[in-house]
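**Student:** Here it is, the structure in full.
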Amino acid sequence: MLLACYKSHIVIFNPTASIIEQWGAMENSSTLLKKWGFMRNSEQKTESDTDIDRVLTLLMSSLNISDSRPIIPMAHGEPSAFSCFSKSQFAADAIAEAVQSAKFNGYSPTGGVLSGRRMAVEDAIPLIQFRTQGYEIVTNYKYMNTVLIFYHISLYRAVAEYLSQDLPEKLSPDDVFLTMGCKQAAQTILTVLAGTKSNILFPKPGFPYYEVFAQSCHLETRHFDLLPEKDWEIDLDSVVAVADENTVAMVIINPGNPCGNVFTHQHIKKVAETARKLGILVIADEVYDHLAFGKNPFVPMGVFGSITPVITLGSLSKRWAIPGWRLGWLVTHDPNGILKEHGIIECIKGYFHVFSNLPTFIQGALPEILGKSKEGYPSETINTIKEAANSCYKGIIDIPGVTCPSKPEGSIFTMVKLDLSVFEDIEDDLDFCLKLAKEESVLILPGISVGLKNWLRVTFVMDQSSLQEGITRIQDFCRRHSHKA
């Protein structure tokens, strides 16, 4: 006799008969359950109503395949597609060295691998103990040509040192959590903060993936306004108006995506003071940190961590045009210990116990990459982006039916307002973008995708010839669709 479980039934097989025949007989039996026992999670929302990827797919499907002209990609921020922004050969070399060393082929311990600069010592140290993220890692070392080589600086210490450059209080390794890009960092903190009645405040316009992450963990979303007439400053009165006793945090994006703005030191301080009065923390998306080329220098939100707790989200993807490497971080700025007191730190640690760490060879290369990054953006790259921003702004202000309230001063985007009264056959921002894609092979993101209807988000990070060609095609399109005099 052979016992087996089949569709929640205990089955007894006759050893003298063919097992295949008996399985078939069971399939034909009317007494067995015929209904599958699984179905999709009806509460899970797989995409937002304005999901960027979905809209980009829609735009791509509208392209005229008979148009032989090159597509001008002004909808999606992808600097790595253009060689003029790819200045990361040293980063590639660091990755290659880490892989070839064969030191980073194993599983990553919780808290990350130990990595850093090589160091020669006079005396033999047979046993070195490191402590990172609350976990003790013990490693044995051997002599190599009478010189002991060991990696002595925690990866997290390297990140902490790198991010402490502009802060009044230095970060410790325990303040740093590495993530699979900035998106995982955002998903982590929103999941940690989600409660039964909790709500969170997002900027409008903003980065729509925050909406998706909040929906996935049943966190209610509310929105505060950014003011285009004030260089996209946060309307702090609207923050106070939408917050209540269940509000847990507000998200700011600086430098701005999608607005291309950079907040002043004074304004960020007011944000921290407002958050403190409301009893909420500030989540600062600083993925474009230091990509500022206007009148306002970049100021990290962590500067004001003593006023209100701050969670910083960031990555190296934009700085070195390597978004595909998925190299990000979540950093806590909590000198008063408020996050720890309320269990947020332990909850973040618990979240990372569940999910995979950053690939170990990238962790191994990161200290070398960060060492180079301390020098800031290459001036050549900054100048190239600034030139592109100026060219985009000058070109747009001469186009009928569109206006740009302020010149972009940071990140790689700008917001452009549509005046629908100028056009005779344009219904809204999505209609504008679909027709532009079809007629001119130019891709621009409709403002509804970032929370602002009848606006456009324009990406200007591309080579000058492509940018100028794109502006020219948009001008031709707008003039062709304008009311005739």
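The values are calculated or read from the model by the stated rules, or taken from the named source; none is laboratory data. Just so it is clear, the model here is predicted, and its values are computed rather than measured. A quick note on method: Cβ atoms are made from the backbone with ideal geometry, for glycine too, and the neighbour counts reach across all protein chains shown. Remember, those area values only see protein heavy atoms, side chains included, never the ligands or the DNA or RNA. Shrake-Rupley method; radii C 1.70, N 1.55, O 1.52, S 1.80 Å.
**Student:** Given (1) within 30 Å of F90 (Cβ to Cβ); (2) in a loop (DSSP other than H, G, I, E, B), where does I385 come up short, assuming only one miss?
**Tutor:** (2)
**Student:** Right, another one. Given the residues E469, E427, which is the only one that is at pLDDT 95 or above, farther than 28 Å from A292 by Cβ and open to solvent by 10 Å² or more (accessible area, probe 1.4 Å)?
**Tutor:** Answer to the selection: E427.
**Student:** Filter the stretch 199-220 down to residues that are touching a strand residue (DSSP E or B) at 6+ places or on another chain (Cβ under 8 Å) and surrounded by fewer than 18 Cβ atoms within 10 Å (Cβ to Cβ), then give me how many there are.
**Tutor:** 2
**Student:** Let me ask you something else. Only one of L456, L443, L418 is surrounded by fewer than 24 Cβ atoms within 10 Å (Cβ to Cβ), at pLDDT 95 or above and within 26 Å of the chain's Cα centre (by Cα); which?
**Tutor:** After ruling out the rest, the residue left standing is L443.
**Student:** While we're looking at this one, here's another question. Quick check on the stretch 317-330. Is at least one of its residues in contact with a Pro (Cβ under 6 Å, 6 or more places away or on another chain), farther than 24 Å from P173 by Cα and open to solvent by 40 Å² or more (accessible area, probe 1.4 Å)? I'd like the intermediate steps shown before the answer.
**Tutor:** First pass over the stretch 317-330, keeping only residues in contact with a Pro (Cβ under 6 Å, 6 or more places away or on another chain): 317, 321.
This time we only want the ones that are farther than 24 Å from P173 by Cα, so: 321.
Next, from what is left, pick out any that are open to solvent by 40 Å² or more (accessible area, probe 1.4 Å): none.
Within the stretch 317-330, not a single residue is in contact with a Pro (Cβ under 6 Å, 6 or more places away or on another chain), farther than 24 Å from P173 by Cα and open to solvent by 40 Å² or more (accessible area, probe 1.4 Å).
**Student:** With the requirement that a residue be of a type in the set (A, V, I, L, M, F, W, C) and under 17 Å from L452 (Cα atoms), what does the stretch 212-238 give you?
**Tutor:** V212, F224, L226, L227, W232, I234, listed by residue number.
**Student:** Considering only residues that are open to solvent by 40 Å² or more (accessible area, probe 1.4 Å) and outside any helix (DSSP H, G or I), look in the stretch 355-377 and name the one that is modelled with the highest pLDDT.
**Tutor:** Among those that are open to solvent by 40 Å² or more (accessible area, probe 1.4 Å) and outside any helix (DSSP H, G or I), it is P359.
**Student:** Are any of the residues in the stretch 240-250 of a type in the set (G, A, S), open to solvent by 50 Å² or more (accessible area, probe 1.4 Å) and over 22 Å from L339 (Cβ atoms)?
**Tutor:** Taking every residue of the stretch 240-250 in turn, at least one turns out to be of a type in the set (G, A, S), open to solvent by 50 Å² or more (accessible area, probe 1.4 Å) and over 22 Å from L339 (Cβ atoms).
**Student:** Also, I was wondering about something else. Just to check your reading of the model, which residue among I382, I399 is modelled with pLDDT of 85 or more, under 30 Å from E161 (Cβ atoms) and surrounded by fewer than 21 Cβ atoms within 10 Å (Cβ to Cβ)?
**Tutor:** I382
A quick yes/no check of all residues on (1) of a type in the set (S, T, Y); (2) outside any strand (DSSP E or B):
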| position | (1), (2) |
| --- | --- |
| T191 | yes, yes |
| I200 | no, no |
| E211 | no, yes |
| R222 | no, no |
| V239 | no, yes |
| A249 | no, no |
| N257 | no, yes |
| N261 | no, yes |
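**Student:** What is the one condition in (1) open to solvent by less than 10 Å² (accessible area, probe 1.4 Å); (2) at pLDDT 95 or above that K277 does not satisfy?
**Tutor:** (1)
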